[in-house]
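There's a structure below that I have some questions on.
The values are calculated or read from the model by the stated rules, or taken from the named source; none is laboratory data. All values reported here derive from a predicted model rather than from experimental measurement. Ideal geometry is used to build each Cβ from the backbone, glycine not excepted, and the neighbour counts take in all protein chains shown.
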Amino acid sequence: MTQSAPWWRHPALAWAVLGGALHAWSLSPWCQDWGKVAPALIQTLALVVVLSALCRKELTPGKASAVMWLYGTVWLIGATGWMYVSLHRYGELPGWLAASAVVALCAALSLYMALVGWAWARWRRRVWWADALLFAGLWLLAEMARAVILTGFPWGASGYGMLEAPLVRFAPWLGVYGLGCVWALGVALLVMSAWGGVSARVRLGVPAAILLGVLALQFMPTQVFTQAHGRSLSVTLLQGNVPQDEKFLSERQVPMLIWHGQQILSAQGQLVVAPETAIPMLPMQLPPGYWDQIRSGFGPGSHRFALIGVPLGDFERGYTNSVAGLSADALATPEGMYRYNKHHLVPFGEVIPYGFHWFVRMMNMPLGDFSRGPLNAPPFAVLDQRVAPNICYEDLYGEEIAARFKDAASSPTILVNVSNLAWFGERVAISQHLQIARMRSLEFQLPTLRATNTGATVVIDHTGRVTHALPTNTRGVLEASVQGRAGVTPFAWWASRWGLWPMFGLALVLMAGGCAGVRNRTPLPLGGNGPVIH
């Protein structure tokens, strides 16, 4: 009697590693260098690989769970490995501990994918279309779970791989998670019709129908839900390129303050935007007269506006990661400025989870427990535009930005993101964050201004296209013109009222449809195209 090989030597696990590596590669800047559609094609190939492994008849729910967990872990390590830079280079954690922390986080986040594998293998009906519906619903549920549980960390969601693909037309309707669900459903239909012991007509018809659908989307006119609003703005975006290991050193802060101050006061644009923590000190810590000198450039009669990344507050009452808005009207308010306080704080960086202070104390970072701002913050009035700032990785959460669109009359006409990605290396995180910002412009069909410390400092139009950009990892000033837009997309409408609950409902509907499929007890002969699903 031949003894079966240990489960960890199962060939499906090797396919899971390959699929995860391909998925991670699709989100990298090097894949984008191959061509616009390369990320979508490589990501699709990744899911084809892992689904083909799942469709082998000998995979039990436990083995299917291991396959999807390994796939997700490799995918997320490749997509978010830049966290190692911040932990090791700037946090001064030993290399082995920094690497272990990244792997542990990605492995934990991939437990959602493990549940996808287990539930699909347990509940599938052995009917190709029903199994595809079930998989798409589980995939959507897993991606949203990663986005919301324990404050969420949805970086690298599958919808971002579709930025240059025809499927991106679903973004203003369904948002990034719905877009990823449509993609997963299409791939699942393709694979499961090929492996499911179906007739030749189905095996040929399903790929043909998917191809025709993609071509139809490619040539279909894009439906536009927003329209030009008011006059265009001239804008000045600053990119200081301050090394992260110098940003909080007192002897290096004076030259940085001088450069940002000079650029803010001499900017040619009607609106000047400085990055997150362009001024890295609380107002009480600034050199005497510095903040007053900045404010003096925006007094009565100046017709100039500024958004500046700066921490606000004090050590006694608490402090916030903020954007200060300066204008003649803002200076006349009791607080003397417009103030946007970051709502979605970064775990460990801006808020320390309970029980992890020991881990934070091991790192040499200017960390602390920041106070949280409101979810639905009012926009900053700039002439006849309503400008809505967000800070760094807040723009990863389109459903939270959507809260500002519940009242169409006061909804934003321009989005602004201020960031500092110097913590995370020189290319990968910068490129991925640009993908995220472009997706937000597509979801809301609004232009986005990005002012960052090291990049990508860009102007993105309402179609998600980058119209102006500075080279990354250089010091510079970007002058551009941007046209604000008014209106509410379907995604902004439903997400502003119900958050992600409609997507949870869609996931349950797909899963119910999959589980309701009639069990195929006598599968058709395969005809040599692969094993029958039992």
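Just give me the residues in the range 10-63 being in contact (Cβ under 8 Å) with a residue 60 or more places away in the chain, farther than 21 Å from Val428 by Cα and crowded, with 21+ Cβ neighbours inside 10 Å, in sequence order.
Leu47, Leu51, Leu54, Cys55
Additional query: Name the pairs: first residue in the range 298-309 and exposed (fewer than 13 other Cβ atoms within 10 Å of the Cβ), second residue not hydrophobic (A, V, I, L, M, F, W, C), Cβ to Cβ under 8 Å, at least 6 apart or on different chains?
If the second residue must be not hydrophobic (A, V, I, L, M, F, W, C), the pairs left are His303/Gln270.
For Ala147, state whether it is of a type in the set (Gly, Ala, Ser) and under 26 Å from Glu58 (Cα atoms).
So Ala147 fails the test.
I'd like the residue in the range 330-349 that is closer than 14 Å to Ser86 by Cα and either assigned to a loop (DSSP other than H, G, I, E, B) or at pLDDT 95 or above (or both) and, out of all such residues, is nearest to the chain's Cα centre (by Cα). Before the answer, list the steps.
Of all residues in the range 330-349, those closer than 14 Å to Ser86 by Cα come to 346-349.
Those left that are additionally either assigned to a loop (DSSP other than H, G, I, E, B) or at pLDDT 95 or above (or both): 346, 348-349.
Details: Val346: 13, Phe348: 19, Gly349: 18 Å.
Step by step, filter the range 330-349, then rank; the result is Val346.
On to the next question. For the subset of the range 126-137 comprising residues that are of a type in the set (A, V, I, L, M, F, W, C) and in a helix (DSSP H, G or I), which member is surrounded by the fewest Cβ atoms within 10 Å (Cβ to Cβ)? So that I can check it myself, show each step before the final result.
Filtering the range 126-137 for residues of a type in the set (A, V, I, L, M, F, W, C) gives 127-130, 132-136.
Subset that is in a helix (DSSP H, G or I): 128-130, 132-136.
Values: Trp128: 27, Trp129: 19, Ala130: 22, Ala132: 28, Leu133: 25, Leu134: 27, Phe135: 28, Ala136: 26.
Among residues in the range 126-137 that are of a type in the set (A, V, I, L, M, F, W, C) and in a helix (DSSP H, G or I), the one surrounded by the fewest Cβ atoms within 10 Å (Cβ to Cβ) is Trp129.
Separate question: Could you list, in sequence order, the residues of the range 257-279 that are crowded, with 20+ Cβ neighbours inside 10 Å, out of contact with any His (no Cβ under 6 Å at 6 or more places or on another chain) and under 19 Å from Leu421 (Cβ atoms)?
His260, Val273, Pro275, Glu276, Thr277, Ile279 - these are the residues of the range 257-279 that are crowded, with 20+ Cβ neighbours inside 10 Å, out of contact with any His (no Cβ under 6 Å at 6 or more places or on another chain) and under 19 Å from Leu421 (Cβ atoms).
Among the residues of the range 413-459, write down those that are of a type in the set (S, T, N, Q) and under 22 Å from Ala171 (Cα atoms).
Result: Thr413, Asn417, Ser431, Gln432, Gln435, Ser441, Gln445, Thr448.
For every residue, the table says whether it meets (1) modelled with pLDDT under 95; (2) in the same structural domain as Met511 (by TED's automatic domain parsing); (3) crowded, with 22+ Cβ neighbours inside 10 Å; (4) under 24 Å from the mean Cα position of the chain (by Cα).
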site	(1), (2), (3), (4)
Leu76	no, yes, yes, yes
Trp96	yes, yes, no, no
Ala99	yes, yes, no, yes
Trp139	no, yes, yes, yes
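Another question, if that's okay. Looking at Trp123, is it in contact with a Leu (Cβ under 8 Å, 6 or more places away or on another chain), surrounded by fewer than 20 Cβ atoms within 10 Å (Cβ to Cβ) and aromatic (Phe, Trp, Tyr)?
Considered against the rule, which asks whether it is in contact with a Leu (Cβ under 8 Å, 6 or more places away or on another chain), surrounded by fewer than 20 Cβ atoms within 10 Å (Cβ to Cβ) and aromatic (Phe, Trp, Tyr), Trp123 comes out as yes.
Let me ask you something else. Out of all the residues in the range 217-228, which are assigned to a helix (DSSP H, G or I), loosely packed, with under 11 Cβ neighbours inside 10 Å and in contact (Cβ under 8 Å) with a residue 24 or more places away in the chain?
Those that are assigned to a helix (DSSP H, G or I), loosely packed, with under 11 Cβ neighbours inside 10 Å and in contact (Cβ under 8 Å) with a residue 24 or more places away in the chain: none in the range 217-228.
May I pose another question? State yes or no: is Gln270 modelled with pLDDT of 95 or more and over 30 Å from Ala408 (Cα atoms)?
It is false that Gln270 is modelled with pLDDT of 95 or more and over 30 Å from Ala408 (Cα atoms).
Shifting gears a bit: Within the range 387-429, which residues are crowded, with 22+ Cβ neighbours inside 10 Å, in contact with a Leu (Cβ under 9 Å, 6 or more places away or on another chain) and of a type in the set (A, V, I, L, M, F, W, C)?
Answer for the range 387-429, where residues must be crowded, with 22+ Cβ neighbours inside 10 Å, in contact with a Leu (Cβ under 9 Å, 6 or more places away or on another chain) and of a type in the set (A, V, I, L, M, F, W, C): Val387, Ala388, Cys392, Ile401, Ile414, Leu415, Val416, Val418, Ala429.
Let me ask something else. Would you check if there is a residue in the range 449-460 being out of contact with any Leu (no Cβ under 9 Å at 6 or more places or on another chain) and under 24 Å from Glu399 (Cβ atoms)?
no
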